[in-house]
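What follows is a single structure, written as structure tokens, with notes after it.
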Amino acid sequence: MSESPLLDIRNLSVKLPAGAERAHAVEDVSFSLQNNEILCVVGESGSGKSITARAVMGLLPAPHVSVAGGNIDFNGEDLTTAPESRMRQVRGGEISMIFQEPMTALNPVMTIGRQIDEVIRFHTKIRKKHRREQAIALIDSVHLPEPVHIYKAYPHELSGGQRQRAMIAMALAMEPKILIADEPTTALDVTTQAQILKLIKELQQGHDTGVLFITHDFGVVADIADRVAVMQYGKIVEIGSTDQVLNHPQHSYTQSLMKAVPSLVPPAVRQISSQVELDVKKLTKTFKSGGGWFGLGAKERIVHASKEVDVKLHKGETLGIVGESGSGKSTLARCIVRLINADEGEILYHGVDLRPLNRSEMRPYRSKIQMVFQDPFASLNPRSKVGRIIADGPRVLGIDSATADKRAREMLELVGLDVRAFDRFPHEFSGGQRQRIGIARALALDPEILVADEPVSALDVSIQAQILQLLADIRERLQLSMIFITHDLRVAAQVCDRIAVMRLGEVVELDATSSLFSNASHPYTQELLNAVPGRDWHPQEALKG
């Protein structure tokens, strides 16, 4: 690494508009980034990580949010005083950014090739033919299959991992000196995440690039960071080498974040009842697309989202369903809850097959199997107050309004929310609080089975720990059985009694959690376990030290 830093941020402060929770989004922040270094900035939502990155790029939503003081020195040039014409040259040319959600960052009506071409065309005078060749070479460099096909494809035609690779190709088009990666792997499956991290590491070393990597995932930090900065409430509370911060944390906030990281070592085995509450047999669900009118047009595509799946759920048990996107986890859950109809098989609830029941026949069983959804904001009606959202279920089942409202208030207390939340709207709550509201809504119907579909995947690590503890407490208190769907094997290790591993619609392995983690037999399960970020880092041991 060179002695003179590539990026030197000194006493940076970014002010927030009047009436915000605090005066500054970022306050008196100082750190540097060297050539060929990966600096990870970690912290929870609202800590100021992304605002710091956007300040470097000159992408703050001015005038409401703007730099209030300090310097951002890039190769001897202070970017806080650079005119917009200069920042347009810097962005994409000398400093590039990979955004968290590629589907919203990419233009949906432009092909991938045209979007990469736009970057090259803006910063160079290369002829169109050579720009095309360069774009295809970039697509190939990020290990995307069939680069010419990807060049012509639109964002919606690619998977999440492929879109993220395409965005990385775009960010690297001008071989920038600095690459800012803002939570680039948060929404990705564990194996795709491992591939993206490896790719960023390879590109950083190959181009001598400095990487500012923003994340809340300590496992990712353990895998790729050279140095780590921990942010809380807009300030850096700890900074040092990866070994110093991850294995010898000094600040109480860093320690609390590490304490919330789920261990890959499953807890002691619980005694589970032999009584089977739900027995799913040979469940099959197929989706068809293409074909066109009268068989004309694109060739018909058939996807077996669930293929002769056999799983049993015992009373009081938490059964984990794990696998990557497209494995069929959520389809299986939605078939069980009867949000979609399976094609074949049986869903036996206390011996009654729910699959063939029509709407009126299914009604008595609706309350017994309830679902907690992945995105708590999208699953709550933004125009309804929280009390009504929770009480609507009991009302539909014939309970009078006064009793339903009383039940809603009880559920709010049960999930750890103030009863005053009853008269507020979903947008007035944080992500973790909204997920508690979703759980309260499911519990209002007094279910016997709770189906939780990725209920903590969008949450910060400490909020995730709180929700997982809440679910464990509710399970014990109400004697619930639970189907827990996740792609996070750390979460699965701590929550589930048994785990079914799904791949391409089939259950390839089903075993007790401790047995699965210590002695997985299927190659796909082994691949998933090996891809867990920070697999060889053990935060609990570091905290003991």
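The values are calculated or read from the model by the stated rules, or taken from the named source; none is laboratory data. Note that the structure is predicted; figures quoted are calculated from it, not measured. Neighbour counts are summed over all protein chains in view; Cβ atoms, including those assigned to glycine, are modelled from backbone coordinates with ideal geometry.
Numbers below:
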quantity: Scope segment 234-250; condition surrounded by fewer than 20 Cβ atoms within 10 Å (Cβ to Cβ) and either closer than 24 Å to L468 by Cβ or small (G, A, S) (or both); matching residues; calculated: G240, S241
quantity: Qualifying residue in segment 153-161 (condition: crowded, with 23+ Cβ neighbours inside 10 Å and not acidic (D, E)); calculated: no
quantity: Any hit, segment 470-485, residues being outside any loop (DSSP other than H, G, I, E, B), within 15 Å of the chain's Cα centre (by Cα) and touching a residue at least 60 places away in the same chain (Cβ under 8 Å); calculated: yes
quantity: Residue selected from segment 26-55 under the condition under 18 Å from the mean Cα position of the chain (by Cα), within 15 Å of V14 (Cβ to Cβ) and not polar (S, T, N, Q), by the criterion modelled with the lowest pLDDT; calculated: G46
quantity: Any hit, segment 354-368, residues being among the hydroxyl-bearing types (S, T, Y), within 20 Å of L480 (Cβ to Cβ), in contact (Cβ under 8 Å) with a residue 40 or more places away in the chain and surrounded by 18 or more Cβ atoms within 10 Å (Cβ to Cβ); calculated: no
quantity: Whichever residue in segment 506-545 is part of a loop (DSSP other than H, G, I, E, B) and either among the acidic types (D, E) or over 22 Å from T318 (Cβ atoms) (or both) and, among such residues, is modelled with the lowest pLDDT; calculated: G545
quantity: Residue list for segment 334-364, restricted to those being part of a helix (DSSP H, G or I) and either out of contact with any Lys or Arg (no Cβ under 8 Å at 6 or more places or on another chain) or of a type in the set (K, R) (or both); calculated: R334, I336, V337, R359, S360, E361, R363, P364
quantity: Residue in segment 426-441 that is at pLDDT 90 or above, in contact with a Leu (Cβ under 7 Å, 6 or more places away or on another chain) and of a type in the set (K, R) present; calculated: yes
quantity: Filtered residue count, segment 134-190, keeping only those that are β-branched (V, I, T) and at pLDDT 90 or above; calculated: 6
quantity: In segment 441-462, the residues that are farther than 21 Å from V322 by Cα and either in the same structural domain as L313 (by TED's automatic domain parsing) or in a helix (DSSP H, G or I) (or both); calculated: R441, A442, L443, S462
quantity: Subset tally (residues that are of a type in the set (S, T, Y) and not in a helix (DSSP H, G or I)) for segment 21-62; calculated: 4
quantity: Only one of R498, R503 that is under 27 Å from T186 (Cβ atoms) and among the basic types (K, R); calculated: R503
quantity: V190 being in contact with a strand residue (DSSP E or B) (Cβ under 8 Å, 6 or more places away or on another chain) and assigned by TED's automatic domain parsing to the domain that holds L39; calculated: no
quantity: Residue identified as assigned to a loop (DSSP other than H, G, I, E, B), within 24 Å of A222 (Cα to Cα) and in contact (Cβ under 8 Å) with a residue 24 or more places away in the chain among P108, P184, P176; calculated: P184
quantity: So Q435, is it under 25 Å from the mean Cα position of the chain (by Cα) and farther than 21 Å from S330 by Cβ; calculated: no
quantity: Boolean, V303 is modelled with pLDDT under 95, crowded, with 17+ Cβ neighbours inside 10 Å and under 25 Å from the mean Cα position of the chain (by Cα); calculated: no
quantity: T254 crowded, with 16+ Cβ neighbours inside 10 Å, more than 27 Å from V14 (Cα to Cα), of a type in the set (S, T, Y) and modelled with pLDDT of 90 or more; calculated: no
quantity: Sole residue being of a type in the set (A, V, I, L, M, F, W, C) and closer than 17 Å to I224 by Cα, chosen from V109, V148, V190; calculated: V190
quantity: Candidates I139, I150 - the one that is over 26 Å from A260 (Cβ atoms), outside any strand (DSSP E or B), aliphatic (A, V, I, L, M) and in contact with a Pro (Cβ under 7 Å, 6 or more places away or on another chain); calculated: I139
quantity: Residue selected from segment 371-424 under the condition of a type in the set (D, E) and part of a helix (DSSP H, G or I), by the criterion surrounded by the fewest Cβ atoms within 10 Å (Cβ to Cβ); calculated: D423
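Residues checked against (1) without any contact (Cβ under 8 Å) to a residue 24 or more places away in the chain; (2) under 22 Å from Q464 (Cβ atoms); (3) not assigned by TED's automatic domain parsing to the domain that holds T242:
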{"position": "D488", "(1), (2), (3)": "no, yes, yes"}
{"position": "A492", "(1), (2), (3)": "no, yes, yes"}
{"position": "V501", "(1), (2), (3)": "no, yes, yes"}
{"position": "V507", "(1), (2), (3)": "no, no, yes"}
{"position": "L510", "(1), (2), (3)": "no, no, yes"}
{"position": "S514", "(1), (2), (3)": "no, yes, yes"}
{"position": "H522", "(1), (2), (3)": "yes, no, yes"}
{"position": "G534", "(1), (2), (3)": "no, yes, yes"}
{"position": "W537", "(1), (2), (3)": "no, yes, yes"}
